[in-house]
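Heads up, the thing below is written out as structure tokens.
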Amino acid sequence: MRYDGILGRVTVNGTKYFLPDGITLIRQSGRNNDVLAKGLYNEVRILCWVLTNPQNHDLKAKHIKATWGKRCNKLLFMSTVEDPELGTIALPVPEGRNNLWGKTKEAFKYIYKHHLNEADWFFKADDDTYTIVENMRFLLYPYSPNTPIYFGCRYRKFVKQGYMSGGAGYVLSKEALRRFVEKALPNKTLCMENSYGAEDVEIGKCLENVEVIAGDSRDIKGRGRFFPFTPRHHLFPNKDKSLWYWDFVYYKTHEGLNCCSDYAVSFHYMRPKELYLLEYLIYNFHPYGIIYEHEPLPHKIEAI
């Protein structure tokens with residue numbers, strides 16, 4: 001590894017990486033060198049909010065706080081009861097699966113009111129989702145937060161441009177969040193005003209109605225990055241074509257070791273023990289003598 005100056009560029013095994021402005025590069029020894037990740041932490045600020053409920057505070061949500069949640073620039077837990085230890089926000093919506101849409105609307109309204117300027121991107125996840133936040137920053141890096149766009153596991157039903165799976169998580173740009181709260185929610189012809197309904201479908205309709213783009217999150221090899229099931233279920237998929245997933249998924253999917261991007265962002269239906277398993281495999285486990293090279297950061301895209 002060679003640093004080419006205090007600002008701008010670092011070379012790793014002959015590959016040049018252009019870093020965000022303002023990063024001071026410090027030579028690091030040992031196996032961990034996270035200068036790129038630290039640079040993107042400041043360049044691509046992500047607020048993560050987790051949709052949970054009182055029953056799952058201790059059962060699920062606290063394990064997100066102990067694992068991937070700490071890598072967000074800001075982490076919020078949205079529930080219906082305050083929990084000082086977890087730090088939940090009690091939303092004014094009745095509990096229950098039939099009110100997930102209502103909770104989602106109130107959560108984004110709360111974030112818009114209290115935290116809009118603390119992040120550039122706003123990621124919603126369930127309390128059984130595992131997220132590799134560094135890979136989300138890599139995905140989002142070329143896009144301006146002023147572009148009305150959002151990303152996730154794209155489904156093709158119900159919404160003309162498709163919508164993003166709620167379980168796999170979806171991330172809105174600052175402009176997408178602004179349009180959702182300022183334009184879509186106040187207008188019942190653009191957004192359903194009731195609390196019941198499938199939150200991912202309903203927000204997909206609202207965002208399309210205010211011209212927010214359903215982004216393509218696949219990598220350069222056409223592999224997905226957001227996943228509605230566990231890694232095992234995508235490595236060894238259920239090939240029964242009557243399974244709802246095959247009728248919903250927007251893009252052609254791969255299977256086996258080619259199922260998922262090397263820079264996958266999220267997996268759903270993860271049990272607490274599986275959160276720690278991925279935490280270990282991603283951040284602690286290393287094959288001795290192998291150094292992985294990362295793809296160079298892409299060029300920035302001007303805001304649409």
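Evaluating Y263 against the criteria (1) open to solvent by less than 50 Å² (accessible area, probe 1.4 Å); (2) at pLDDT below 95; (3) not in a helix (DSSP H, G or I) leaves one unmet condition, (2).
Checking each residue in the stretch 122-154 for being hydrophobic (A, V, I, L, M, F, W, C) and either assigned to a strand (DSSP E or B) or on the phi > 0 side of the Ramachandran plot (or both) picks out F122, F123, A125, I149, F151. Assess whether E274 counts as being exposed (fewer than 13 other Cβ atoms within 10 Å of the Cβ) and among the acidic types (D, E). Criteria not met by E274. The set of residues in the stretch 72-104 that are open to solvent by 20 Å² or more (accessible area, probe 1.4 Å), at pLDDT 90 or above and charged (D, E, K, R) comprises K74, E82, D83, E85. In this entry, L278 passes the filter for residues that are outside any loop (DSSP other than H, G, I, E, B) and touching a helix residue (DSSP H, G or I) at 6+ places or on another chain (Cβ under 9 Å). When we screen K183, K241, K221, K157 for residues that are farther than 21 Å from L51 by Cα and either assigned to a helix (DSSP H, G or I) or hydrophobic (A, V, I, L, M, F, W, C) (or both), the only hit is K183.
When the stretch 160-180 is filtered for residues that are open to solvent by less than 20 Å² (accessible area, probe 1.4 Å) and not in a helix (DSSP H, G or I), the ones remaining, listed by number, are G162, Y163, M164, S165, G166, G167, A168, G169, Y170, V171, L172, S173. Scanning the stretch 245-256 for residues that are surrounded by 12 or more Cβ atoms within 10 Å (Cβ to Cβ), at pLDDT 90 or above and not β-branched (V, I, T) turns up nothing. For D216, the criteria (1) touching a helix residue (DSSP H, G or I) at 6+ places or on another chain (Cβ under 6 Å); (2) in a loop (DSSP other than H, G, I, E, B) hold in every case but one, which is (1). For the stretch 225-237, a residue qualifies if it is closer than 19 Å to K124 by Cα and open to solvent by 20 Å² or more (accessible area, probe 1.4 Å), and the qualifying residues are R225, F229. Of the residues in the stretch 56-71, at least one is outside any helix (DSSP H, G or I), touching a residue at least 40 places away in the same chain (Cβ under 8 Å), within 26 Å of M136 (Cα to Cα) and open to solvent by less than 10 Å² (accessible area, probe 1.4 Å). Flag not set for K188, criterion: touching a helix residue (DSSP H, G or I) at 6+ places or on another chain (Cβ under 9 Å) and farther than 16 Å from T104 by Cβ.
Open to solvent by 20 Å² or more (accessible area, probe 1.4 Å), among the charged types (D, E, K, R) and either at pLDDT 90 or above or in contact with a His (Cβ under 8 Å, 6 or more places away or on another chain) (or both): is that true of E211 in this structure? For E211, the condition - open to solvent by 20 Å² or more (accessible area, probe 1.4 Å), among the charged types (D, E, K, R) and either at pLDDT 90 or above or in contact with a His (Cβ under 8 Å, 6 or more places away or on another chain) (or both) - is met. Scanning the stretch 182-208 for residues that are open to solvent by 20 Å² or more (accessible area, probe 1.4 Å) and within 29 Å of A264 (Cα to Cα) turns up G197, A198, D200, E202, K205, E208.
The values are calculated or read from the model by the stated rules, or taken from the named source; none is laboratory data. Everything quoted here is computed from the prediction, not taken from an experiment. Positions of Cβ are generated from backbone atoms using ideal geometry, with glycine treated the same way; all protein chains shown enter the neighbour counts. Ligands, DNA and RNA are stripped out before the accessible areas are found, and what is left, the full protein with its side chains, is counted by its heavy atoms. Shrake-Rupley method; radii C 1.70, N 1.55, O 1.52, S 1.80 Å.
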